[in-house]
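A short write-up of the structure that comes next.
The values are calculated or read from the model by the stated rules, or taken from the named source; none is laboratory data. For clarity, every value in this text was computed on a predicted model and none was experimentally measured. Backbone-built Cβ (ideal geometry, glycine too); neighbour counts: all protein chains shown. Each accessible area value is taken on the protein alone, full model and side chains, heavy atoms only, with ligands, DNA and RNA left out. Shrake-Rupley method; radii C 1.70, N 1.55, O 1.52, S 1.80 Å.
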Amino acid sequence: MRYRPLYNIAVALLMIVGLAGCKREGGSGSDPNPPEPVPQMPTIKIPRGELRAVWMTTAWELDWPHGNYNPKVQRELYTDRLDLLRKYHFNAVFFQVRPMGDAFYDSKYEPWSKYITGQRGQDPGYDVLDFMIKEAHERGIEFHAWINPYRIETRPDNKKAFDPLHPSIPREWVWDLEKIRMYNPALPEVRQRLLDIIDELLTKYPGIDGIHFDDYFYPEQSQGAFDDAADYKKYGSEYSTITDFRIDNVNKMVSSVSQMLRTKHPGVTFSISPGSNADHNLKDLYADTRHWCKNGWLDLIIPQLYQAINPTSQSGFYQRLSWFCQFSYKTPLAVGHAAYRVGEAGFSTNADEISKQITIARKDSRVYGSIYYRLQDLVDNRGGILDRLSKEYPTVMPLPCFSRTTKAVSPVRDLSYKDGRLTWVTTGKTRSVIYFTSSVDQEAVVLDITEGSSLEVSRKGYYCVTALNEDNLQSKISEVLELK
């Protein structure tokens, strides 16, 4: 196979005649034999970065560890899941590290989670998060720590007693409702405790790429009535209604977490995944997603758009996606997809629904990718969803975190081809992204993202390479190389 380094094609000789017009006596000054134009390097359009992630649920052991309390079995189960995600080009896992006022690490604020050993407060005998973070990063997968800010425990109804409250959690900070035990969102002490928990987590594990909240804020009405009149009287004198007071309590929590991350832990992505119904979020959970986005408190908002596409319904996927796109302002947005609904009546008997949703979302420049709920449904290949994802090319993680560096990355040099392999040279500690297109008129695809400096290739077409730093910032593309 022959190749041609098009970037290096240049005119070796320039006609020196007539550079200044070569004015002849009595002539017009024009050159009857002007030099030929210098050929330009072909331009290749590369795709923008795209989040491809999954929620890994540990509450009730839904996705991990499935009742396996042997450390060796747990580690193998986790790495098997990561290998599957890597095979299908996922670039992030959102792992639930604090499902119920507990911890998947040794914390001075809350006990070891019972979902690791079957017993709350029991040390599992190994550093769970250190292992998980390192294994994810070795596979090029980001690790986002998923936290429930207020939830401590759930129960189906008030006939079952809550577990004894752990001594590390002050009794006066807690509400016990019909179906949920949770921290009281009105208390400044609760907001400070959450900041302390997150700070401890990120100080112990600086490799964490993101802090993530889901949709638990104030309790839903179905979880039980709560009485915060005394809190309103004590803390709410500046608010005209108790509703405004509750909304601002959540606002204060979100803004304080955002500020702490950007000052103490820059580079950590802060994301929240609210429910899809904006009215319910605001009126029942007191979660004002518009306000968070407008004030730039989030690096990424991920609405749980678990509805089917229904052009005639205001509660359909497209309509709710449109609302969040409109009111995300400058905050990057990713779509939460309902992998668990694939195969349900009214959704889709197979993964066609998810496929169509991805296509719709990609058409909007404000959408930065997709995240699937939940991992076990992917493992089970529910409705053939992995078969659909197998058609996806790898993708570069986008750069949603506002506090990540924007320092320029040195481009790749000396791209060449020999004996079936591309080779190149990088500067500093970077990964490399290899792009390919069969025609310069078509957008390129990612062939691989590697820490190496070579790749075996055989397809005829055009190749280029970019350098990618640890903050997912890419360099300019290399020279373009054509294989014929």
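Evaluated with a Cβ-only charge set (Lys, Arg +1; Asp, Glu -1), the stretch 86-234 carries a dipole of roughly 260 debye about its Cα centre, given to the nearest 20. Each peptide in 467-476, 161-170 receives the mean, over its residues, of other Cβ atoms within 10 Å, and ordering these scores from highest gives 467-476, 161-170. Here the peptides 129-135, 407-413, 209-215, 455-461 are ranked by packing, the mean other Cβ count within 10 Å, and the order with the highest first is 209-215, 129-135, 407-413, 455-461. Under 15 Å of direct C-alpha separation, and excluding same-chain neighbours fewer than eight residues apart, LYS418 reaches these aspartates and glutamates: GLU456, GLU482. Residues in the chain average 47 Å² of solvent-accessible surface per residue, probe 1.4 Å, ligands and nucleic acids excluded. The spread of Cα positions in the stretch 259-338, taken along each principal axis and listed from longest to shortest, comes to 46, 23, 20 Å. Binning all Cα-Cα separations of the stretch 37-177 at 5 Å, short to long from zero, yields these whole-percent fractions: 2, 8, 16, 19, 16, 11, 8, 6, 4, 2, 2, 2, 1, 1, 1, 0, 0. Each residue was assigned an accessible area with a 1.4 Å probe, and for CYS464 the value is about 0 Å².
Cross-link partners among aspartates and glutamates for LYS160, C-alpha distance below 13 Å, same-chain residues fewer than 8 apart left out? Hits, sequence-local ones excluded: ASP176, GLU178. Local charge for MET182 was computed over the other residues whose Cβ lies under 9 Å away, with Lys and Arg +1 and Asp and Glu -1, and equals 0. Taking every DSSP helix (H) stretch of at least 4 residues in the chain, weighting each as -39,500 (n - 2.57) and dividing the sum by the residue count yields a mean residue ellipticity at 222 nm of -7500 deg cm²/dmol.
Compactness of the stretch 435-484 is given as radius of gyration and Dmax, 11.3, 35 Å, from Cα positions.
Normalised by 2.2 N^0.38 Å, where N is the number of residues, the C-alpha radius of gyration of the stretch 164-239 stands at 1.29. Peptide packing: for 74-81, 136-143, the average count of neighbouring Cβ atoms within 10 Å per residue gives the ranking 136-143, 74-81, highest mean first.
Reported value for the chain: 211 Å³ per residue, from the convex hull of its C-alpha atoms. Computed over the stretch 34-115, the P(r) curve from all C-alpha pair distances, binned at 5 Å from the origin, holds 3, 12, 15, 17, 13, 9, 6, 4, 4, 3, 3, 3, 3, 2, 2, 1, 0 percent per bin. Evaluate the relative contact order of the chain (contact order divided by residue number), counting alpha-carbon pairs under 8 angstrom at least 6 apart; express in whole percent. Value for the chain: 16 percent.
Each Lys and Arg Cβ is given +1 and each Asp and Glu Cβ -1; about its Cα centre, the chain then shows a dipole of about 1080 debye.
Determine the distance separating the Cα centre of the stretch 298-363 from the Cα centre of the stretch 435-484; give it in Å without decimals. The stretch 298-363 and the stretch 435-484 have Cα centres spaced 31 Å from each other.
Look at the alpha carbon pairs under 8 Å that are at least 6 residues apart: their mean separation over the length of the stretch 62-184 gives a relative contact order of 25 percent. Kirkwood-type hydrodynamic radius, the stretch 148-302: 16.4 Å, calculated from all non-identical alpha-carbon pairs.
Eigenvalues of the Cα gyration tensor times 5, then square-rooted: what semi-axes does that give for the stretch 360-470, in whole angstrom, largest first?
28, 20, 15
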